[in-house]
Each structure stands twice: as structure tokens, then as C-alpha cells.
């Protein structure tokens, strides 16, 4: 992913991004969930992974609440 560092664009892995980094996004890029769009064309986002993760957390929390034995997982 392209990141603006020290006034120039460099290729960096998304795992080393820090708050305040400006990134350039292209088709197929996987970007951090908390990235903000500063300018550009409208985006179409595939959020299916986020939805399933959310559902997993909700179901897991319900299991722990109703059946404390699941708390050891």
C-alpha cells in the first residue's frame, strides 16, 4: 500500500501504519477499518468479514453470559 511519508509516497505493509498516515487506495487493497476517505471517488466496500466477526463476538458473549463454562475458551 502506498503511504505518504516525509513528503513522498513509499510502499509499506498495512500492518505498520500509524494514526495520521495518509494512504493511497487502489482496487483490491485491504485497508484498516478506521481509515477515513479524504478525497476521491465513492467507494464500494465489502464488509462481509466485519459482519461475521461482529456476529461471532455477539454470539460468544451471549454464550459466556448464559453458560459461564464457555469462559475458559
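We did not get these values from a lab; they are worked out from the coordinates using the rules stated. Just so you know, these numbers come straight off a predicted model, no measurement behind them.
Calculate, in whole percent, how much of the Cα-Cα pair population of the range 1-41 lies beyond 16 Å. Write down the numbers at each step before the final one.
Details: 232 of 820 pairs.
Percent of Cα pairs beyond 16 Å in the range 1-41: 28.
Taking 0.36 nm per residue of separation and subtracting the current Cα-Cα distance, fully stretching the chain between residue 59 and residue 26 would add 8.5 nm.
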